[in-house]
1. Cα-Cα over 18 Å: which of Lys62/Lys130; Lys113/Lys271; Lys62/Lys214; Lys234/Lys267; Lys198/Lys233?
2. Tell me the label-point distance for the pair Leu175, Ser40, using the 7 Å Cα-to-Cβ offset, in nm and rounded to one decimal.
3. Measuring from a point 7 Å past the Cα of Ile258 along Cα-to-C-beta, which residues in region 181-212 have an amide N at less than 18 Å?
4. What whole-number distance in Å separates the alpha-carbon centres of region 67-84 and region 175-242?
5. Got a sec? What order do Ser69, Ser237, Ser167 fall in by accessible area at 1.4 Å, biggest, i.e. largest, first?
6. Among Asn63, Gly83, Gln125, which residue has its Cα positioned farthest towards the positive end of the charge dipole of region 54-152, with +1 placed on the Cβ of Lys and Arg, -1 on the Cβ of Asp and Glu, and the dipole taken about the Cα centre?
7. Between the DSSP loop rule and a limit of at most 10 other Cβ atoms within 10 Å, which trypsin sites (Lys or Arg not before Pro) in region 215-249 are left?
8. Would you please classify the overall shape of region 48-134 from the alpha carbon gyration tensor, given that a ≥ b ≥ c denote the square roots of the eigenvalues, rounded means a/c under 1.5, and beyond that prolate means a/b larger than b/c while oblate covers the rest?
Amino acid sequence: MKIKNIYIGVFATVLMASCGTQKSVLKPSGTSSTSSASSSASAQQQKMQFIQRVSDGALYQKNLVSDLSFTVNTGRKEITVPGILHMRKDEVIRLQLLVPIIRSEVGRIEFTKDYVLFIDRMHKQYVKAKYTDVAFLKSNGINFYSLQALFWNQLFIPGQQRVSERSLAQFDVDLTSLHTANKQGVPLTLSDGKMTYKWLAESLTGFIRVAEAKYSSAAHGVSTLNWDYADFKKFGSKMFPYYHKVQIKTPVAQGQKIITATFELDKLSDKADWDSFTTPSSKYEQVGVEEILGKLMQL
């Protein structure tokens, strides 16, 4: 097994996970006519109540730490490695990748508000770059807060740090699905220009089961991110998914690149005795992100 390629694939998969989360200015739906004001007000109230229920499912904890089993499938191969997930709200998302059985760290992926960091301890190399300094990230408008919301199983509005009560009106809800036994879930949507966002939430609990971000470009085709959630268990006073499945579809010269990754969490805690940020050793060589992404396309 080529360990270097494993961690290149893991890094690039997570790096591409928020593909299409582009900063947008979204406008609330227009007001109804006077003749249908009462009916529209009732429908709007139902929508807002459901959106609030979904939003209220967000965890209270600032920290989340978990053991992790990470599987990545690039279409040509599938690899599973153990790891540890550290998340601190509004600061960092960190994935530590371990050698099976002996569990020594061989790779570290860190997302912060200002940069992404990948450390390859086996080859003493690292990548550190601002989101806007990397062509792939810049062209897709990837934002830390959107990625954070996906990991934390929350709603998000692209370009905003958090979803406030005032901004809940920017989401739309399919009332037909809300009033019927829809096993797929109730769709909540946001759209603006080339971007379309959709979440599927359970009608009774408000649990987010699926998040989707789709970017449509006449020049580059359609890129889609699907983030599925399952195995909800109690964590503090709320429920949180212990199983995350991420599928990324991006256009390439040969047609379409599909990458699938799963995160299986275990032994969650809210411990806070860990540092938010990692400083690479001065003995490590800095390399470019574009090189890493190029290698992923060969896997």
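The values are calculated or read from the model by the stated rules, or taken from the named source; none is laboratory data. Nothing here was measured: the structure is a model prediction, and the numbers come from that model. Don't worry about glycine lacking a Cβ; one is built from the backbone with ideal geometry, like all the others, and counts go over all protein chains shown. Accessible surface is based on the protein model in full, side chains and every heavy atom, while ligands, DNA and RNA are left aside. Shrake-Rupley method; radii C 1.70, N 1.55, O 1.52, S 1.80 Å.
1. Those over the limit are Lys62/Lys130; Lys113/Lys271; Lys62/Lys214; Lys198/Lys233.
2. Here the answer is 1.2 nm between the modelled labels.
3. Answer for this model: 211-212.
4. 23 Å
5. Result of the area sort, largest leading: Ser237, Ser69, Ser167.
6. Gln125
7. Loop-located and lightly packed - none at all.
8. Since a/c reaches 1.5 and a/b is larger than b/c, the shape of region 48-134 is classed as prolate.
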